[in-house]
Amino acid sequence: LERDIRAAIDGASDEAAIETVRVAALGKKGSVSDLLKGLGAMTPDERKVMGPALNGLRDRVSEALLARRATLKEAGLAARLASEAVDVTLPLRASPLEQGRIHPISQVIDEITAIFGDLGFAVAEGPDIETDDYNFTALNFPVGHPAREMHDTFFFNPDEQGERLLLRTHTSPVQMRTMQTQKPPIRIIAPGRTYRNDSDQTHTPMFHQVEGLVIDTSSHIGHLKWLLEEFCRAFFEVEKVEMRMRPSFFPFTEPSMEVDIRCKRVGNEVRFGEGDDWLEILGCGMVHPNVIRFAGLDPDVYQGFAFGMGIDRIAMLKYGMPDLRAFFDADQRWLNHYGFRP
Ligand code: PHE
């Protein structure tokens, strides 16, 4: 019997076959189990001999079954590995693996940072969640002044002291934070996210600005104009930009100006140095003496200028995207089209 069972075990070619052999030998009605059942009917003397013999048989059979099962399992795994192996030397059937793109906003921030970096500017940062004080009061927006209303501010609920935080509506609070922590001469830009409750083809509730600030003892509007022209030439990659400054109003600058550049609009694209369209790209001015004073500096000693530019806007202009809202839809097709290779 043992020889027959061993032959059956060796002959089993997969795990299912091994199970059939096991049931036939060791199952409830198996051949070995039958023999073991027979022990009960034997005399004590017969049992003394046959007991150990049959138990030994059962143990050897079950050991042989286990060993065969393990061998088959290993062979099965080896076969699967062989059949499922990937031949990495085969030519690709589809396009190469998709690679992530750099978002146009990140790209443009890098470009701006590099241009101003060459001009000696460092990068400063401030929080997206600001106090009413940094966003408005310290920037010379009097409490109750209508200029506050124009910002479509997102406010948080007030705390127990009645102080309400807000999402900064511009990067200008970084001016104050920088003046409070750095000694003049100051030359910084502060790119970052800004928020206003506004949404259409050219406005999204979250957008980006870059602030610029220069504070020393002698910087004036002539320097500001030169700096902005240099920036526009480098950023838009044109020989000459024609710029005009229009008087404007910001509580934290005096005088305040808005800057337009001459261009020709062709569909979504703009060409510079031709045409007679004027495109507004930023607000700027000489830092208001009150702001310098609020920062703890003496306005009779220190002066300087600041500017604030919409990053999304100049990104759209440079790279010809028609709708600002698409910037933040996270649509993979848009990102593949307008994103930059790393
Ligand atoms: N903070 C202003 C705005 O968001 C722009 C600005 C910045 C104007 C710095 C003057 C100086 O519209």
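The values are calculated or read from the model by the stated rules, or taken from the named source; none is laboratory data. Predicted, not measured: the structure shown is a model, and the values here were computed from it. So basically every Cβ, Gly included, is an ideal-geometry build from the backbone, and we count neighbours across all protein chains shown. Only protein heavy atoms, including side chains, enter the accessible area calculation; ligands, DNA and RNA are left aside. Shrake-Rupley method; radii C 1.70, N 1.55, O 1.52, S 1.80 Å.
Results, tabulated for the structure shown:
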{"read-out": "Area of PHE327 that stays accessible when all protein chains are in place (1.4 Å probe, Å², to 10)", "value": "10 Å²"}
{"read-out": "Accessible area in the full protein assembly, largest first, 1.4 Å probe, for GLU274, GLU254, GLU239, GLU130", "value": "GLU239, GLU254, GLU274, GLU130"}
{"read-out": "Exposure of VAL214 as accessible area (Å², to 10), given a probe of 1.4 Å and all protein chains", "value": "10 Å²"}
{"read-out": "Pairs from LYS225/LYS264; LYS225/LYS318; LYS48/LYS73 whose Cα-Cα separation, in the structure shown, is over 30 Å", "value": "LYS48/LYS73"}
{"read-out": "Rounded percent of accessible protein surface that carbon and sulfur make up, the chain, 1.4 Å probe", "value": "53 percent"}
{"read-out": "Residue-averaged [θ]222 nm for the chain, counting only DSSP H segments that reach four residues, each worth -39500 (n - 2.57)", "value": "-12500 deg cm²/dmol"}
{"read-out": "THR43 accessible area, 1.4 Å probe, all protein chains in place, Å² to nearest 10", "value": "70 Å²"}
{"read-out": "Rh by Kirkwood over Cα pairs, then Stokes-Einstein D for the chain at 0.692 mPa s and 37 °C, µm²/s", "value": "124 µm²/s"}
{"read-out": "List HIS220, HIS288, ordered by accessible area with a 1.4 Å probe, largest first", "value": "HIS220, HIS288"}
{"read-out": "Kyte-Doolittle mean at least 1.0, axial Cα span of 18 Å or more - DSSP H helices of the chain", "value": "none"}
{"read-out": "Residue order for GLU111, GLU125 - accessible surface, 1.4 angstrom probe, largest first", "value": "GLU125, GLU111"}
{"read-out": "Anchor LYS240: aspartates and glutamates whose Cα lies under 15 Å away (excluding residues fewer than 8 positions away in-chain)", "value": "GLU229, GLU230, ASP260, GLU274, ASP276"}
{"read-out": "The chain - share of DSSP beta bridges that are antiparallel (%, nearest 5)", "value": "95 percent"}
{"read-out": "Leading residue at positive end of dipole, the chain (Cβ point charges), from VAL23, GLY273, ALA122", "value": "VAL23"}
{"read-out": "For the stretch 1-148, average projected area of the Cα convex hull in nm²", "value": "26.2 nm²"}
{"read-out": "Mean separation of Cα contacts under 8 Å (6+ apart) over length of the stretch 105-227, as relative contact order %", "value": "25 percent"}
{"read-out": "Relative packing of 190-197, 79-86, 302-309, which averages over residues the other C-beta atoms within 10 Å, highest first", "value": "302-309, 190-197, 79-86"}
{"read-out": "Electrostatic dipole magnitude of the chain [Cβ: Lys, Arg +1; Asp, Glu -1; Cα centre; debye, to 20]", "value": "1640 debye"}
{"read-out": "Proximal lysines relative to LYS29, as straight alpha-carbon distance under 19 Å, when same-chain residues fewer than 8 apart are discounted", "value": "LYS37"}
